[in-house]
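Have a look at the structure below, then the notes.
The values are calculated or read from the model by the stated rules, or taken from the named source; none is laboratory data. Everything numeric here is computed off the predicted structure, so don't read it as measured data. Note that each Cβ is placed from the backbone with ideal geometry, even for glycine, and that neighbours are counted across all protein chains shown.
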Amino acid sequence: MVEEVSVGHFIWLTAAGGDDGRPLEDFAVRTLQLLCSHCKVEQDKTCLIQEQEAIVDHISDGLLVIERDGVVRYMNSTAGRLLNLVPAQSIGKRFADLLDFTPIIQPIFESGVGYVDRELIIDSPGRHLHLVDTAIPIKNARGEVVSIVNTFRGIQRVRKIADKLQGNHARYTFDSLIGKSEALRVAVDAARKAARGFANVLLNGESGVGKEVFAQAIHNASERADGPFIAINCAALPRDLIESELFGYTSGSFTGARKEGRPGKFESATGGTIFLDEISELPLDVQAKLLRVLQEREVVRIGDTRGIPVDVRIISACNRDLRDMIRERLFREDLFYRCNVIGITIPALRERPDDIPVLANHFLSKSAALLNKPTFRFSPGLVQKMCRHAWPGNVRELENCVERMVNLCEGDEITEEDFPEFDQRKDVPAVAAGALPMSLREAERTVIEAVLRECRFNITESARRLGISKPTLYSKIREHEISMERGLRQ
Ligand SMILES: Nc1ncnc2c1ncn2[C@@H]1O[C@H](COP(=O)(O)OP(=O)(O)O)[C@@H](O)[C@H]1O
Ligand SMILES: [Mg+2]
């Protein structure tokens with residue numbers, strides 16, 4: 001090409017140089033200039049290639065180009081790191097000789113159809129890989145696949161993104177815990193100690209005392225603060241979905257399962273904390289599986305045989321006495337000891353009345369700020385009345401109650417009249433007109449039987465309507481000797 005151009009220039013130079021009569025010198029100069037500019041183009045090209053290589057090498061995804069014969073044409077350093085291979089030593093070799101598993105991309109050479117973001121779990125004797133992979137076939141003019149461009153990332157990174165988007169993070173810290181009572185301080189001190197270690201924690205306390213706030217605060221003060229915090233309410237999960245929610249499933253493992261399978265909450269919580277709220281409501285067979293996960297530190301998805309390592313700290317919460325449940329054979333003793341390495345009891349609000357005014361004022365300023373009414377205050381009589389109230393719903397009830405009062409009150413001062421709950425709590429529910437007087441025990445039996453019948457003996461639904469847990473319902477059924485056979489005859 002240089003020659004061609006040079007010849008062209010020579011002709012032009014000869015013609016143009018006519019008068020000066022120095023065409024040869026001019027030619028030499030111009031040729032040199034051309035050569036130099038050609039070198040510059042080559043240099044620029046090399047620079048561009050180097051720059052592109054550096055870009056591809058530094059992208060955060062693994063990149064792998066595989067040719068038709070299975071030979072690795074290109075591997076960037078991220079791919080090398082994820083696959084535990086040295087790119088320079090791998091390029092030019094057959095993929096099958098580098099890894100002890102068959103790549104699943106081979107069929108793409110025939111089908112010409114790639115895939116996007118497919119989850120890959122490779123559990124070969126030599127390595128455990130868990131990736132999200134995209135494979136794009138590159139075709140020639142005849143439409144044949146000549147190579148496949150594979151881009152992939154480690155599951156940890158994908159989980160991090162998912163956590164961010166799903167909001168799987170804990171917002172409460174120990175600073176969020178309001179209260180000045182000695183009883184609360186003892187619980188907070190124990191929780192702070194627990195946060196420093198790795199042991200599983202069991203939080204015990206009535207509903208609304210702040211168990212979830214404690215769990216989040218422990219997570220945020222622990223070394224796992226950057227990892228996910230995933231909360232699961234064991235009582236709220238439908239019985240037949242609980243296992244797949246916790247442990248995940250593979251494709252087609254049960255009717256209704258998504259085609260490509262799904263990770264469970266344990267996998268998603270890896271590197272962080274899982275909060276098992278109302279752990280007492282876990283069915284016994286799921287308790288056995290949970291125990292296995294805790295012992296083996298890996299989960300096996302439903303329909304799979306491969307174990308996936310999980311590194312999760314478990315904080316469980318419970319508002320029932322698990323020791324009683326162990327005696328009634330409703331909770332596994334071995335699981336209890338695994339979960340209760342550090343047990344913390346959060347006292348009910350009525351057991352720490354010192355916290356009531358502080359918490360009430362805290363919620364008052366929160367609600368008042370939202371409503372732009374900063375002058376709101378409680379009358380001294382109201383504060384006294386609140387301190388005498390039993391707060392069966394604990395801090396949650398107090399928070400809701402303050403919010404309602406702030407919303408309803410018209411003046412600046414909220415008084416006793418704005419707090420009707422105190423008196424209402426003492427009311428006994430009216431007996432239905434015409435109902436025969438009966439003992440409390442009889443009444444309980446009648447109500448349970450009626451609800452069971454209404455719910456066609458569906459335990460989950462009946463327990464929900466009765467406002468009690470399933471194990472409690474079971475023990476009431478036994479206690480009252482209610483026959484469940486009626487459900488079959490109906
Ligand atoms: N000590 C506390 N300081 C501030 N807010 C609290 C405190 N304890 C509980 N809360 C609030 O009370 C509500 C119920 O707390 P939660 O942790 O969900 O209770 P539990 O899990 O025990 O049922 C939440 O809105 C929480 O923010
Ligand atoms: Mg809760």
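If you go through the range 279-306 and keep only what is over 19 Å from the mean Cα position of the chain (by Cα) and either outside any helix (DSSP H, G or I) or not assigned by TED's automatic domain parsing to the domain that holds residue 224 (or both), you end up with 282, 283, 303, 304, 305, 306. Screening 227, 179 for residues that are more than 13 Å from ligand 1 (Cβ to nearest atom) and more than 28 Å from residue 471 (Cα to Cα) leaves exactly one candidate, 227.
Search the range 41-69 for residues being among the small types (Gly, Ala, Ser) and in contact with a helix residue (DSSP H, G or I) (Cβ under 8 Å, 6 or more places away or on another chain), and hand back the single one that is farthest from residue 83 (Cα to Cα).
The residue in question is 60.
In this structure, residue 91 does not satisfy being on the phi < 0 side of the Ramachandran plot, under 33 Å from the mean Cα position of the chain (by Cα) and touching a residue at least 12 places away in the same chain (Cβ under 8 Å).
Checked against the criterion of being out of contact with any Gly (no Cβ under 7 Å at 6 or more places or on another chain), within 15 Å of ligand 1 (Cβ to nearest atom) and among the small types (Gly, Ala, Ser), the range 269-288 contains one or more residues that satisfy it. In this structure, residue 379 does not satisfy being more than 23 Å from residue 211 (Cβ to Cβ) and within 16 Å of ligand 1 (Cβ to nearest atom).
Looking only at residues in the range 194-224 that are among the charged types (D, E, K, R) and touching a residue at least 60 places away in the same chain (Cβ under 8 Å), the one that is farthest from ligand 1 (Cβ to nearest atom) is 224.
Quick one: is residue 290 crowded, with 19+ Cβ neighbours inside 10 Å, within 28 Å of residue 347 (Cβ to Cβ) and more than 16 Å from ligand 2 (Cβ to nearest atom)? Before the answer, list the steps.
On the way: crowded, with 19+ Cβ neighbours inside 10 Å: yes; within 28 Å of residue 347 (Cβ to Cβ): yes; more than 16 Å from ligand 2 (Cβ to nearest atom): yes.
Judged against the criteria, residue 290 is a match.
Residue count for the range 307-326 under the criterion of being within 17 Å of residue 244 (Cα to Cα) and either in a loop (DSSP other than H, G, I, E, B) or not small (Gly, Ala, Ser) (or both): the result is 3. Inspection of the range 345-358 identifies at least one residue that is within 16 Å of ligand 2 (Cβ to nearest atom), crowded, with 18+ Cβ neighbours inside 10 Å and assigned to a helix (DSSP H, G or I). In the range 386-413, what residues are away from ligand 2 (no atom under 16 Å from the Cβ), more than 14 Å from residue 364 (Cα to Cα) and part of a helix (DSSP H, G or I)? 387, 388, listed by residue number.
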